[in-house]
Amino acid sequence: MTGSPMPQPIARFLPALTGIFTAVAVLLVLELLIDADWVNAYLVPPPSAVLLSFGRMITEEHIAERFLLTAAAALGTGLLLVAVGIPLGLLLHRFPLIRRATETWVAAYASAPLVLAYPLFLVIFGRSALTIVMIGFFAGLAPVILKTLEGLTGIRPVLIDVSRSFRLSPAQHFWKVLLPAAAPTIFVGLRLGLIFALINIIGVEFLINFGGLGQLINDLAERYDLPGTYAAICFAVLVSVVFFAALERLERWYRPARSAADAEV
Amino acid sequence: MAQSSEPLLVVDDLVKEFRTPEGSLTALERIAFSVREGEFVSVIGPSGCGKSTLFNIIGGLIGGFHGQVTIAGAPVSGPHAAIGMVFQEESTFPWRTVVENVAFPLEIQGMPKAKRLARARHFIALVGLEGFEQRYPFELSGGMRQRVAIARTLAFEPKILLMDEPFGALDEQTRLLLGDKVLQIQQELKQTTLLITHSIAEAVQLSDRVVVMTYRPGRVKRIVDVDLPRPRTLDLVGSEAFGRYTAEIWNDLREETSRGMREAEARVRGAPGPR
């Protein structure tokens, strides 16, 4: 037996509505648990208190300015990852000797806790935004290189043969065949790189007490302002949401086939 | 069909050897045949006879062979503007729509967008895919995708259309129908075509001549002239003459195919088995 089909607008927004509903339900359950003293309110502030502190964050803590500082660091890091990570992946693909010589190192470096090296970055770049960007960049670089390499290596040989048979120049071959064919995997690398970068950006802002949201989280935690701390964390999550949404839009613009494929589902 | 008596493509005394861990392997031995302008020639042979190697050599994708391949007298030493290749594997670009795929070679040539899209639409219509211009390959069937690949190669306007088992992955009925489509296109464009195939029915249905190859090393066993009337339609497939040619080519191939199977089995027996 099959049910009647769902109206189109509801079907379209159902995933987003389900997500929002789930989040609200979880927060309500948490509020009730704290109210009932099942969860210690000194460790986990009630969601309502966090919500109420948002206004205070905006008026007293200059959250917009801090949000923009962290977002600017994330944007600079993202641009560096694209500008350096993708060409390095291409270099490893183009020269098998370099690839064989360095691929294991790059893979090992991907799992290194780079944030622990922040004193070294402070010495090199000073207590400045550049330190934050560079730590974010180096933390996110390995997945971009490795996924670019994987995307290029995984291109079906027949597509290369098509390119050769149409006698494409090396530049045409790269821009019109290699890059679009490898793009799905490169975007996965950029997402991973951005995740690593954002964790490290906020972490270093927190550690060196400099910059945007990480510094604010540090300040608020030291003041034991837990609702404010969680509200600031929400803004840090918002930076991540904004960047992932932007990357998603960029991917849909570059790969309209993906949008068409998603629409099919 | 009116054909020029001058050969457009000449394969002359072609030998190709590969180095393997077991020593030198001769894939092709003294292959020689020619294709005249406007002619449809098929190369048929058992699996492992070197058909795809021959396809890649003629297309200029692999070198290191003895003998020579010439197009209108000029030797082929790499991918050639006169040759358009259609591959056995699915080769459409998944990130491009049908019209963008077909317009691809024109884009490479630097043709203005409006003009190339108009030309692409012409070739899409030619392969019977009107209405699918804005679809992506993943939205099409395997047969439709191969037609997109053929239209893309035709848009390149090659002197010689070189196809390597383009319908190899499709079922027999679809193959016959698409073969009929290829026939219509070839007759309309008077397109010189060299088809690599392992399907006897496809070879007889489409070709003016069929080059029958031996099993490894691939040699030309015989060249069969298919003297069936043109224009040909699918009705031909059930005719007595069609059956006669099919049987004739099968007689040539049967021995080679059996030899190929025997040698493959011997290789498996000789190989170390699982412990």
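Could you provide, to the nearest whole Å², the per residue accessible area of chain B with probe 1.4 Å? Write out the running numbers ahead of the final one.
Working: 12290 Å² over 275 residues.
Accessible surface, normalised per residue, equals 45 Å².
Measure up B:Lys16/B:Lys113; B:Lys115/B:Lys159; B:Lys16/B:Lys115; B:Lys51/B:Lys113; A:Lys147/B:Lys181 against 32 Å on the Cα-Cα distance and list the ones that go over. Walk me through the intermediate numbers first.
Numbers: B:Lys16/B:Lys113 42 Å; B:Lys115/B:Lys159 21 Å; B:Lys16/B:Lys115 42 Å; B:Lys51/B:Lys113 37 Å; A:Lys147/B:Lys181 42 Å.
From B:Lys16/B:Lys113; B:Lys115/B:Lys159; B:Lys16/B:Lys115; B:Lys51/B:Lys113; A:Lys147/B:Lys181, over 32 Å: B:Lys16/B:Lys113; B:Lys16/B:Lys115; B:Lys51/B:Lys113; A:Lys147/B:Lys181.
Could you work out [θ]222 nm for chain A from helices alone, using -39500 (n - 2.57) per DSSP H run of at least four and dividing by all its residues? Round to the nearest 500 deg cm²/dmol. Let's see the in-between values first.
Details: 13 runs with 208 residues, N = 265.
Computed ellipticity for chain A at 222 nm equals -26000 deg cm²/dmol.
Taking the Cα atoms only, what angle lies between the long axis of helix A:63-80 and the longest principal axis of chain A, rounded to 10 degrees?
20 degrees
Please give the average number of partner chain Cβ atoms lying within 10 Å of the Cβ of each residue in A:164-177, rounded to a whole number.
Numbers: counts 6, 17, 12, 9, 4, 1, 0, 0, 2, 1, 0, 0, 6, 3.
Mean shielding count: 4.
Rank A:His93, B:His122, A:His173, B:His66 by accessible area, highest first, at a 1.4 Å probe radius? Present the calculation step by step, with values, prior to reporting the outcome.
Numbers: A:His93 65, B:His122 90, A:His173 40, B:His66 115 Å².
Accessible-area ranking of A:His93, B:His122, A:His173, B:His66, largest first: B:His66, B:His122, A:His93, A:His173.
Which percent of Cα-Cα pairs in chain A sits in each 5 Å bin, short to long?
All Cα pairs considered, the percentages come to 1, 5, 10, 12, 13, 13, 12, 11, 9, 6, 4, 2, 1, 0, 0.
Which whole-percent values make up P(r) of region A:131-248 when all C-alpha to C-alpha distances are grouped in 10 Å steps starting at zero?
Percent of Cα pairs in each bin: 14, 31, 24, 16, 10, 5, 1.
Just need the relative contact order of chain A here, percent rounded to a whole number, with Cα pairs under 8 Å and 6+ apart. Mind dumping the intermediate values first?
Details: 260 pairs, mean separation 62.7, N = 265.
Worked out over chain A, it gives 24 percent.
Placing +1 at every Lys and Arg Cβ and -1 at every Asp and Glu Cβ, with all other atoms neutral, what dipole size does the protein assembly as shown have around its Cα centre, in debye to the nearest 20? If you can, show how the numbers build up before the last one.
Working: 51 positive and 51 negative charges, 232 e Å.
Dipole size: approximately 1120 debye.
Among all stretches of chain A without exposed trypsin sites (Lys or Arg not before Pro) (DSSP loop, at most 15 other Cβ atoms within 10 Å), which one is longest?
Between exposed loop sites, the widest span is A:1-126.
Could you work out the relative contact order of region B:1-119, using alpha carbon pairs under 8 angstrom and six or more residues apart, expressed as a whole percent?
After rounding, I find 23 percent.
Work out the mean other chain Cβ neighbour count within 10 Å for the residues of A:216-222 and drop it here as an integer. Don't jump to the answer; show the numbers that get you there.
Numbers: counts 0, 0, 0, 0, 0, 0, 0.
Whole-number average of other-chain Cβ neighbours for A:216-222 is 0.
Between 0 and 90 degrees, rounded to the nearest ten: what's the tilt of helix A:179-208 against the longest Cα principal axis of chain A?
Value to nearest ten degrees: 30.
In square angstrom, rounded to the nearest 10, how much accessible surface does A:Tyr118 have for a 1.4 Å probe?
Roughly 60 Å² of A:Tyr118 is accessible to a 1.4 Å probe.
Pop the C-beta distance of A:Val26 and A:Glu248 into the FRET formula with R0 = 30 Å and round what comes out to the nearest 0.05. Can you show the working numbers first?
Numbers: r = 24 Å, r/R0 = 0.79.
Efficiency, from the Cβ-Cβ distance: 0.80.
Contact order normalised by length for chain B, with contacts defined as Cα pairs under 8 Å and 6 or more residues apart; what percent is it?
Values: 516 pairs, mean separation 65.6, N = 275.
About 24 percent, as a whole number.
What are the residues whose amide H is under 5 Å from the amide H of B:Arg222, where those residues sit 5 or more places off or on another chain and H is modelled from the backbone?
Correct list: B:Val212.
If you take the alpha carbon radius of gyration of region B:126-258 and divide it by 2.2 N^0.38 Å, what ratio comes out, to two decimals?
That works out to 1.11 for region B:126-258.
Residues in region B:205-219 near a label at B:Leu234, defined as backbone nitrogen under 19 Å from the 7 Å Cα→Cβ point?
Under 19 Å, as judged by backbone N against the label point of B:Leu234, lie B:205-207 of region B:205-219.
If I compute solvent accessible area with a 1.4 Å probe over the protein chains, what percent of it on the protein assembly as shown is carbon and sulfur?
Carbon and sulfur together cover 63 percent of it.
Once amide H atoms are built 1.01 Å from N in the peptide plane, which residues 5 or more positions from B:Val43, or in another chain, come under 5 Å H to H?
Close amide H contacts, sequence-distant or interchain: B:Leu195, B:Ile196, B:Thr197, B:Val211.
Can you give the local net charge around B:Asp180? Use residues other than it whose beta-carbon is closer than 14 angstrom to its beta-carbon, Lys and Arg +1, Asp and Glu -1. Each step should come with its number before you reach the end.
Values: positive: B:Arg147, B:Arg175, B:Lys181, B:Arg230, B:Arg232; negative: B:Glu172, B:Glu188, B:Glu202, B:Asp235.
Around B:Asp180, the surrounding residues sum to +1.
Just to be sure I understand: if you take the accessible area of chain B alone plus chain A alone and subtract the pair, with a 1.4 Å probe, what total do you get in Å², rounded to 100?
Working: alone 13300 and 15950 Å², together 27160 Å².
Protein heavy atoms only, the B-A interface buries about 2100 Å².
As a test of the formula, what do you get for chain B when each DSSP H run with n ≥ 4 contributes -39,500 (n - 2.57) and the sum is divided by the residue count, at 222 nm and rounded to the nearest 500 deg cm²/dmol? Walk me through the intermediate numbers first.
Working: 8 runs with 102 residues, N = 275.
Taking each H run of at least 4 residues, the total per residue is -11500 deg cm²/dmol.
When a/c reaches 1.5 or more, the comparison of a/b and b/c decides; with that in mind, is region A:1-143 rounded, prolate or oblate per its Cα gyration tensor? The partial results should precede the final answer.
Working: a/c = 2.38, a/b = 1.45, b/c = 1.65.
Cα axes put region A:1-143 in the oblate bin.
Two decimals is fine: what is log10 I(q)/I(0) at q = 0.09, 0.12 Å⁻¹ for the protein assembly as shown, from a Debye sum with one equal scatterer on every Cα and no solvent?
-0.84, -1.15
The values are calculated or read from the model by the stated rules, or taken from the named source; none is laboratory data. Predicted, not measured: the structure shown is a model, and the values here were computed from it. Every residue, glycine as well, gets a Cβ built from its backbone with ideal geometry; the counts of neighbours run over all protein chains shown. These accessible areas exclude ligands, DNA and RNA; they are computed on the full protein's heavy atoms, side chains included. Shrake-Rupley method; radii C 1.70, N 1.55, O 1.52, S 1.80 Å.
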